[in-house]
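The values are calculated or read from the model by the stated rules, or taken from the named source; none is laboratory data. What you are looking at is a predicted structure, and each value in this text was computed from that prediction instead of being measured. A quick note on method: Cβ atoms are made from the backbone with ideal geometry, for glycine too, and the neighbour counts reach across all protein chains shown.
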Amino acid sequence: MQLTKRDGRVLMRVLITGGAGFIGSNLVHYLLRERPEWDLVNVDALTYAGNLENLSGIESNPRYVFVKADITDTVTMNSVFEEHRPDAVLHLAAESHVDRSILDSSPFIRTNVLGTQILLDATRAHSTDCRFVHVSTDEVYGTLGATGKFLETTPLAPNSPYSASKASSDMLVRAAHETFGMDVVTTRCSNNYGPYQFPEKLIPLMIANARDDKPLPVYGDGQQVRDWLYVTDHCSALLAVLEHGKSGEVYNIGGNNEWPNLEVVRLILEQLGKPESLIRYVQDRPGHDRRYAIDPTKLSSELGWTPSRTFERALPETIQWYIDNETWVERVRSGQYMDYFSDQYGERLSE
Ligand code: NAD
Ligand code: TYD
């Protein structure tokens, strides 16, 4: 990794992809706060999931630049690297929703697979010393039974077009290290929750529907288990991996926090004072992974990372954030998203 010094301080210029999305925008806020000497370049195509409102207040920060660009655009990616000369890349840009990938996998293959390769090529053309942190997901491991946890050595067995596209990108990142000696690290995190998550994902969707007394669509029996991590804990793990992760390695990220979906939905209803009669059991997601659970021992023992937020405190704060930011929810739900939403759930709601 190349570091330059200005006035005796270590200076780093980091290029983030997908910085207008849920995790990316939280990461931009986090890094500007935690690394005041770093410069950030945010490259985002502003798809339905990317929203500059998530970054309001920082546009005028002299250490931050936004570039509206698609990572599958080779010419533009090369010129972005030429102009900004980053020391490191944090690659988050992706199509991220499993249900959408079932309806149409093509944008997932384009952005998650092709886009990752184009970004790797642009990074390598710029410098093989440029550290490339690839933000992947625990979903590449497939599904677990009632016991056990995913380790970094667990074989990849993706079950959805989304997770298959992410697993493909993990393989391309691995190949870039083996073939070209690129300085890459891959992370695989469990489900995130917190502010600015697009309300197609479980937690913000259920909060928005419950607030409006609309049905809460629970897939199948609702006993599927997810391992929830607060988004800024993911951000602190990414910073630890960027600064101290071993080149060529994979790090799992998770907070040992498993919950069946139905219990999460009940917690939301309870906090909002809404009745359980709002729950609608709908047709299950095809290929639905039953249980995810991450073993983060490598990250904690090698890099000293631990999560700082508990579900018991951070979930109620998150629910309150969506209630307090009703206008944000309504704005991002408008337009293209509503067509998708009514198409999909119009069929699934089994009243
Ligand atoms: P998101 O859907 O909220 O945001 C994705 C961002 O990428 C958006 O800002 C979008 O505009 C941008 N983008 C999409 N296609 C692009 C393209 N072709 N070029 C440039 N920008 C593009 O996603 P998220 O939940 O913030 O996830 C971020 C990353 O973290 C993804 O790579 C995802 O696979 C991974 N991840 C997410 C979770 C989770 O729980 N959300 C868990 C583990 C890993
Ligand atoms: P989601 O937030 O889409 O994340 P992922 O599929 O990547 O884990 O879904 C989390 C869990 O919630 C998953 O088991 C599917 C389930 N789910 C529902 O039961 N109803 C819903 O409306 C949604 C969006 C998800």
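Residues in the stretch 169-186: is at least one touching a Gly at 6+ places or on another chain (Cβ under 8 Å) and in a strand (DSSP E or B)?
Yes, the stretch 169-186 contains at least one residue that is touching a Gly at 6+ places or on another chain (Cβ under 8 Å) and in a strand (DSSP E or B).
Quick one: would you say Leu262 is outside any loop (DSSP other than H, G, I, E, B), over 22 Å from Pro286 (Cα atoms), aliphatic (A, V, I, L, M) and at pLDDT 95 or above?
Values: outside any loop (DSSP other than H, G, I, E, B): yes; over 22 Å from Pro286 (Cα atoms): no; aliphatic (A, V, I, L, M): yes; at pLDDT 95 or above: yes.
No; evaluated as a whole, the condition is false for this residue.
Output the residues belonging to the stretch 91-123 that are basic (Lys, Arg) and surrounded by fewer than 18 Cβ atoms within 10 Å (Cβ to Cβ). Let's see the steps before the verdict.
First, the residues of the stretch 91-123 that are basic (Lys, Arg): 100, 110.
Across the stretch 91-123, the qualifying residue is only Arg110.
Go through (1) buried (at least 21 other Cβ atoms within 10 Å of the Cβ); (2) touching a residue at least 24 places away in the same chain (Cβ under 8 Å) and name the single condition Phe180 misses.
Phe180 satisfies all of (1) buried (at least 21 other Cβ atoms within 10 Å of the Cβ); (2) touching a residue at least 24 places away in the same chain (Cβ under 8 Å) except (1).
Looking at the stretch 215-234, which of the residues that are more than 9 Å from ligand 2 (Cβ to nearest atom) and surrounded by fewer than 20 Cβ atoms within 10 Å (Cβ to Cβ) is nearest to Lys274 (Cα to Cα)?
First pass over the stretch 215-234, keeping only residues more than 9 Å from ligand 2 (Cβ to nearest atom): 215, 221, 223, 227-234.
This time we only want the ones that are surrounded by fewer than 20 Cβ atoms within 10 Å (Cβ to Cβ), so: 215, 221, 223.
Working: Pro215: 11, Asp221: 20, Gln223: 21 Å.
Among those residues, the one meeting the criterion is Pro215.
Table: residues versus (1) within 16 Å of ligand 2 (Cβ to nearest atom); (2) on the phi > 0 side of the Ramachandran plot; (3) at pLDDT below 95; (4) buried (at least 23 other Cβ atoms within 10 Å of the Cβ).
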| residue | (1), (2), (3), (4) |
| --- | --- |
| Arg9 | no, no, yes, no |
| Arg13 | no, no, no, no |
| Gly18 | yes, yes, no, yes |
| Gly24 | no, no, no, yes |
| His29 | no, no, no, no |
| Glu34 | no, no, no, no |
| Asp39 | no, no, no, no |
| Val43 | no, no, no, yes |
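From Asn192, Asn261, grab the single residue that is surrounded by 21 or more Cβ atoms within 10 Å (Cβ to Cβ) and within 16 Å of ligand 2 (Cβ to nearest atom). Please lay out each step first, then the result.
Numbers: Asn261 fails: surrounded by 21 or more Cβ atoms within 10 Å (Cβ to Cβ).
It is Asn192.
Can you spot a residue in the stretch 239-253 that is modelled with pLDDT under 95, within 16 Å of ligand 2 (Cβ to nearest atom) and crowded, with 19+ Cβ neighbours inside 10 Å?
Taking the stretch 239-253 as the starting set, the residues that turn out to be modelled with pLDDT under 95 are none.
No, every residue in the stretch 239-253 fails to be modelled with pLDDT under 95, within 16 Å of ligand 2 (Cβ to nearest atom) and crowded, with 19+ Cβ neighbours inside 10 Å.
Quick one: would you say Val218 is β-branched (Val, Ile, Thr), over 15 Å from the mean Cα position of the chain (by Cα) and within 16 Å of ligand 1 (Cβ to nearest atom)? Steps first, please.
Values: β-branched (Val, Ile, Thr): yes; over 15 Å from the mean Cα position of the chain (by Cα): yes; within 16 Å of ligand 1 (Cβ to nearest atom): no.
Answer is no for this residue.
If you go through the stretch 230-263 one residue at a time, how many are closer than 12 Å to Ile203 by Cβ and either in contact with a Gly (Cβ under 6 Å, 6 or more places away or on another chain) or within 13 Å of ligand 1 (Cβ to nearest atom) (or both)?
So the count comes out to 3.
Kindly establish whether Asp284 is within 19 Å of the chain's Cα centre (by Cα), modelled with pLDDT of 95 or more and part of a loop (DSSP other than H, G, I, E, B). Please lay out each step first, then the result.
Details: within 19 Å of the chain's Cα centre (by Cα): no; modelled with pLDDT of 95 or more: yes; part of a loop (DSSP other than H, G, I, E, B): yes.
Against the criterion (within 19 Å of the chain's Cα centre (by Cα), modelled with pLDDT of 95 or more and part of a loop (DSSP other than H, G, I, E, B)), Asp284 does not qualify.
Test Ala69 against the criterion of being aliphatic (A, V, I, L, M), surrounded by fewer than 24 Cβ atoms within 10 Å (Cβ to Cβ) and over 19 Å from the mean Cα position of the chain (by Cα), and give yes or no. Show your work before the answer.
Values: aliphatic (A, V, I, L, M): yes; surrounded by fewer than 24 Cβ atoms within 10 Å (Cβ to Cβ): yes; over 19 Å from the mean Cα position of the chain (by Cα): no.
No; evaluated as a whole, the condition is false for this residue.
Kindly indicate the residue of the stretch 296-351 that is at pLDDT below 95 and in a loop (DSSP other than H, G, I, E, B) and also surrounded by the most Cβ atoms within 10 Å (Cβ to Cβ) among those meeting that condition.
Leu349
Name the single residue, out of those in the stretch 204-214 being among the aliphatic types (A, V, I, L, M) and in contact with a helix residue (DSSP H, G or I) (Cβ under 7 Å, 6 or more places away or on another chain), that is nearest to ligand 2 (Cβ to nearest atom).
So the first thing to find is which residues in the stretch 204-214 are among the aliphatic types (A, V, I, L, M), and the list is 205-208, 210.
Now restrict to residues that are in contact with a helix residue (DSSP H, G or I) (Cβ under 7 Å, 6 or more places away or on another chain): 206-208, 210.
Working: Met206: 7, Ile207: 12, Ala208: 11, Ala210: 12 Å.
My answer is Met206.
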